[in-house]
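> What follows is a single structure, and I will ask about it in a moment.
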Amino acid sequence: MIQRLFRLAHKKSPWILTYNAGGCNGCDIELLGLFNPRYDIERFGILQQASPRHADILICTGPVTIKTRPYLERIYEQIPSPKHVLVVGSCGCTGGIFKNAYNVLGGIDQVIPVDLYLPGCPCRPEAIFNAVQTLIDRL
Amino acid sequence: MLDWLLLTLQMLFFPGLVFQFAGAMVFEWIYRVSIASLEGRIGPPWYQPLMDFLKLISKEDILPKSANRWAATLLPVFSMACVFTAGMYVPFAGTVFDSFEGDLVMVVILLSVPSLGYFLNGWATGGSYSLIGANRSLLQYFSYEVPFLTAVAGPAFMAGSWSIIVIKDYQSQFLSLVFLAPLGFLVALVALIGKLKRNPFDIPKAKSEIVAGPLTETSGESLALWHLTLQVQALIGIFLLVNLFLGKVYPGALVNFLFFLGKAVAVQILLGLISVGYARTSIANLTDIGWKVLVPLSLLQFLVLVIVKGLA
Amino acid sequence: MSRLVIPIGPQHPILKEPISLKVEVEGENITHVDLQIGFVHRGIEKLVESLNWVQAVPLIERICGICSHVHTTTYCQGVEQLAGIEVPKRALYLRTLMCELERIHSHLLWLGIVGRNIGQEAMFMYAWRDRELVMDVMEAFSGGRVSHQANTIGGVRFDPSPAETAAAQKLLAELESKVVALRNIVEHSESFISRTAGMGVMNRDDIRRYGLLGPVARASGVDFDLRRDRPYSVYPELDFKVIVRREGDVWARAMVRVEETMQSIAICHHIINKLPGGAVSVKAPRRVPVGEVISRTEAPRGEVVYYIRSEGGEHPARVKVRTPTLPTLASFPELLQGVSIADMTVIISGADLCIACADR
């Protein structure tokens, strides 16, 4: 009973933390766009948190560059479990268009475990929201 | 035996834990929805604060190695206990757990304990954002606490008692005190925003500056308790203001209940309105506002009340 | 009071993109700033050399998500000049239209971010709500909200019908009334002014010394706009005003940007009214003759310069990008000296950083 209540709470209150691991900013502004009145993602209890310790879902954008790698790892470790990682954007999934660049390691999954991939360049806000919802439904 | 049972029930349910918890959740929701609607959004569903709370208490509680685990765990519990205790002595629509001469002073002191706990939490958990947030919260504490006390002293002086229920009953003979002491109400309201660390005085936890202030390194259960503390503090603070400044009692229990609730909700929405309308002040500005504007205003108000009482 | 080093970034709420500012504070005041960039460096300039001329366009678009169109415009403009391609008039008009739409989107985005960083969430909501209108226009034209894929060498890849341009004009008219409201907030809101006026003041000498560009320079009294002073594309045929203010603080930068948004909306109307008929692109050759060219455009954040060199093959031999954000970053350590943490956020966000542009 209590367990089920907690699970429901996890579904109804996913707090997100965004991290740009080296992308072009396109997905990030669409992500931030989710909070504007047109999409108003707070309707579903989704809030953007500033501190990794308060977050449940880490949303990563962009391919991992050599320089951001340690920071990405640290941010992931700082999030209290249960935690989930959502990758937004094609370049975060595989490296995408930057795959062959010399300073790019590849997708986010090279560094931290990923729960859901959302390709798209850049992803539309609706798609991002759908991905978050899919991730929540899996819990 | 029956007395003890009744007391326990009162502590647990009304006006104790359950009532205050539920009230805090509902009022938090009202606050968030009023902000959202002013910004042209829909806002969260009614169960949102409860879900946030449940989720946080079921999460892992991690602390940095440098943190003082004992302090970080006990501080939120202690702060929460203080605000819940304060809530027992603030009448809700005329009903109160207990009252005695001087309970107003006790409530004010109990309501200010979480601010100190907040400050200590910043030091206990470590981390540079937390330290700066802790410093700021202490500075903020010194700027709003004095005006708050002076503003609250006005109604007490008029009623000639430091008991909240006496002050409230005093108003039912005439008008609500807000008409006699509008400045005092305003000062108390602004000081209350500072107490609750809400925008525009969310300086200790300014998101774009120091991430989450003293709570940056706090997670899981402790964070849930901190949020609950601040929410209950908001509820009790609003009830206190309504009792002191808008305390007119209306005939009929139900009518009185509805009026009380309406006033409290109105104050909460007013807080939301202020939060939308203003940008965050800087800490230097806040001390200026506190000592150069609020304190003189509240003293002036007190003077007016003294004159009025002398004439009457 | 003891010294404390607070790390701003690479993950921090005021930064959408990772840079790292190690800020040493004494109490509330900053005594030293250690700036680190390069977190978003992907090596695009090198990667471009492995692609052919046309393939490079989508990659260059992804240098930056906010001003994606300006980058491709500058690149295509340079390559067209190098290859001697005569671009149809309609294509140039449409290209410029997209540039101006992007300027509107970028400035409104910035206004929202500043609102959010000074703790006025409502401003963020209003600015971003209104920004959705211009996103709709861009999406209707090119199919993309952020990355448009609108440019190609020799023209553009979209050809709006008269019905589409009429719909766009309607949306732009609606946007204009909302931007007027936003300008009133910026100009008269006591709360906004008290947080931004007098912050991060830079005079003309500072601007020269650091080589700052765009709205930041224009807010400090530097009357320079590439669109007017070194006209390219179809700008000579359009009339618009260059907004200049003398205060040099964050508030002036906000005013310059809001006024520029108004100007851009006017330009968009102008372009749509004057839009000539004809083809939107010509076929580009696979090989570009040997030579080098410098292509300059005015991006939302200032001047973007591309140096393109061809050795006669199918691939660019060198594409060097210079974006306006880098000098802005360089000015931070001095600009942030002695200000408080609260003002620091205003100054950082007031500069309108685009790290993806700067690091590439």
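> State which residue is nearest to C:Ser106 (Cα to Cα) when the search covers only segment C:187-203 and only residues that are among the charged types (D, E, K, R) and modelled with pLDDT under 85.
Per the criteria, the residue is C:Arg195.
> Sticking with this structure for a sec: Could you check segment C:1-35 and list, in sequence order, the residues that are more than 7 Å from every other protein chain (Cβ to nearest Cβ), among the charged types (D, E, K, R) and in contact (Cβ under 8 Å) with a residue 40 or more places away in the chain?
C:Asp34, the sole residue that qualifies.
> Condition first: part of a loop (DSSP other than H, G, I, E, B) and either among the hydroxyl-bearing types (Ser, Thr, Tyr) or crowded, with 21+ Cβ neighbours inside 10 Å (or both). Now tell me which residues in segment C:337-360 satisfy that.
Answer for segment C:337-360, where residues must be part of a loop (DSSP other than H, G, I, E, B) and either among the hydroxyl-bearing types (Ser, Thr, Tyr) or crowded, with 21+ Cβ neighbours inside 10 Å (or both): C:Ala351, C:Asp352, C:Leu353, C:Cys354, C:Arg360.
> So, one more: Checking the structure you have, find out if any residue of segment A:121-132 is part of a helix (DSSP H, G or I), in contact (Cβ under 8 Å) with a residue 60 or more places away in the chain and surrounded by fewer than 21 Cβ atoms within 10 Å (Cβ to Cβ).
Scanning segment A:121-132 turns up at least one residue that is part of a helix (DSSP H, G or I), in contact (Cβ under 8 Å) with a residue 60 or more places away in the chain and surrounded by fewer than 21 Cβ atoms within 10 Å (Cβ to Cβ).
> Let me ask something else. Which count do you get for residues in segment A:33-52 that are assigned to a loop (DSSP other than H, G, I, E, B), more than 9 Å from chain C (Cβ to nearest Cβ) and among the hydrophobic types (A, V, I, L, M, F, W, C)?
2
> Every residue in segment C:98-127 that is in contact with a strand residue (DSSP E or B) (Cβ under 9 Å, 6 or more places away or on another chain) and in contact (Cβ under 8 Å) with a residue 60 or more places away in the chain, please.
C:Cys99, C:Glu102, C:Arg103, C:Ser106
> Being facing another protein chain (nearest Cβ under 9 Å), within 17 Å of the chain's Cα centre (by Cα) and hydroxyl-bearing (Ser, Thr, Tyr) is the filter here; which residues of segment C:102-147 pass it?
Residue satisfying the conditions is C:Ser147 alone.
> Just one of the numbered conditions (1) of a type in the set (Lys, Arg); (2) assigned to a helix (DSSP H, G or I); (3) under 19 Å from B:Val83 (Cα atoms) is not true of B:Lys168; which one?
Result: B:Lys168 fails condition (3) only.
> Going through A:Leu86, A:Leu135, A:Leu58 one at a time, which residue ends up being closer than 12 Å to A:Pro14 by Cβ, part of a helix (DSSP H, G or I) and more than 9 Å from every other protein chain (Cβ to nearest Cβ)?
A:Leu135
> Report the residue count in segment C:172-195 for those that are exposed (fewer than 15 other Cβ atoms within 10 Å of the Cβ) and either touching an Asp or Glu at 6+ places or on another chain (Cβ under 7 Å) or within 30 Å of C:Val57 (Cβ to Cβ) (or both).
0
> Determine if segment C:111-120 includes at least one residue that is at pLDDT 85 or above, buried (at least 23 other Cβ atoms within 10 Å of the Cβ), closer than 22 Å to C:Trp251 by Cα and in contact with a Gly (Cβ under 7 Å, 6 or more places away or on another chain).
Looking through segment C:111-120, at least one residue is at pLDDT 85 or above, buried (at least 23 other Cβ atoms within 10 Å of the Cβ), closer than 22 Å to C:Trp251 by Cα and in contact with a Gly (Cβ under 7 Å, 6 or more places away or on another chain).
> Check every one of the strands (runs of 3 or more DSSP E) wholly within segment C:1-93 and list those with 2 or more residues that are under 25 Å from the mean Cα position of the chain (by Cα).
Once the strands (runs of 3 or more DSSP E) in segment C:1-93 are filtered for at least 2 residues that are under 25 Å from the mean Cα position of the chain (by Cα), what remains is C:20-26, C:29-36.
> Could you list, in sequence order, all residues of segment B:24-64 that are in contact (Cβ under 8 Å) with a residue 40 or more places away in the chain, among the aromatic types (Phe, Trp, Tyr) and more than 9 Å from chain A (Cβ to nearest Cβ)?
Hits for segment B:24-64 are B:Phe27, B:Tyr31.
> To continue, here is another question. Let me spell it out: the conditions are (1) aromatic (Phe, Trp, Tyr); (2) over 15 Å from the mean Cα position of the chain (by Cα); (3) within 19 Å of A:Leu118 (Cα to Cα), and A:Tyr19 meets all of them except one. Which number is the exception?
(2)
> Residue check: is C:Asp130 acidic (Asp, Glu), without any contact (Cβ under 8 Å) to a residue 40 or more places away in the chain, assigned to a helix (DSSP H, G or I) and touching a Leu at 6+ places or on another chain (Cβ under 8 Å)?
no
> Name the residue that is farthest from C:Met98 (Cα to Cα), counting only residues in segment C:36-49 that are more than 7 Å from chain A (Cβ to nearest Cβ) and at pLDDT 85 or above.
Of everything passing the filter in segment C:36-49, C:Glu49 is farthest from C:Met98 (Cα to Cα).
> A further question follows. Looking at the structure I just gave you, is B:Trp70 assigned to a helix (DSSP H, G or I), within 13 Å of another protein chain (Cβ to nearest Cβ) and either on the phi > 0 side of the Ramachandran plot or of a type in the set (Phe, Trp, Tyr) (or both)?
no
> Does segment A:11-25 contain at least one residue that is crowded, with 24+ Cβ neighbours inside 10 Å, farther than 17 Å from C:Cys64 by Cβ, more than 7 Å from chain C (Cβ to nearest Cβ) and out of contact with any strand residue (DSSP E or B) (no Cβ under 9 Å at 6 or more places or on another chain)?
Scanning segment A:11-25 turns up no residue that is crowded, with 24+ Cβ neighbours inside 10 Å, farther than 17 Å from C:Cys64 by Cβ, more than 7 Å from chain C (Cβ to nearest Cβ) and out of contact with any strand residue (DSSP E or B) (no Cβ under 9 Å at 6 or more places or on another chain).
> Still on this structure, I have one more. Taking into account only those residues within segment B:201-213 that are in a helix (DSSP H, G or I) and within 18 Å of the chain's Cα centre (by Cα), which is nearest to the other protein chains (Cβ to nearest Cβ)?
The selected residue is B:Ile203.
> If you check B:Tyr129, B:Tyr141, which single one turns out to be of a type in the set (Phe, Trp, Tyr), more than 14 Å from chain A (Cβ to nearest Cβ) and in contact (Cβ under 8 Å) with a residue 24 or more places away in the chain?
None of the other options fit; the residue is B:Tyr141.
> While we're here: Looking at B:Leu149, B:Leu131, can you tell me which residue is within 20 Å of the chain's Cα centre (by Cα) and of a type outside the set (S, T, N, Q)?
Sole residue among the options that is within 20 Å of the chain's Cα centre (by Cα) and of a type outside the set (S, T, N, Q): B:Leu149.
> Also: If only one of B:Arg41, B:Arg32, B:Arg69 is surrounded by fewer than 17 Cβ atoms within 10 Å (Cβ to Cβ) and among the basic types (Lys, Arg), which one is it?
Exactly one residue qualifies, and that residue is B:Arg69.
The values are calculated or read from the model by the stated rules, or taken from the named source; none is laboratory data. Just so it is clear, the model here is predicted, and its values are computed rather than measured. We place every Cβ from the backbone using ideal geometry, glycine too, and count neighbours over all the protein chains shown.
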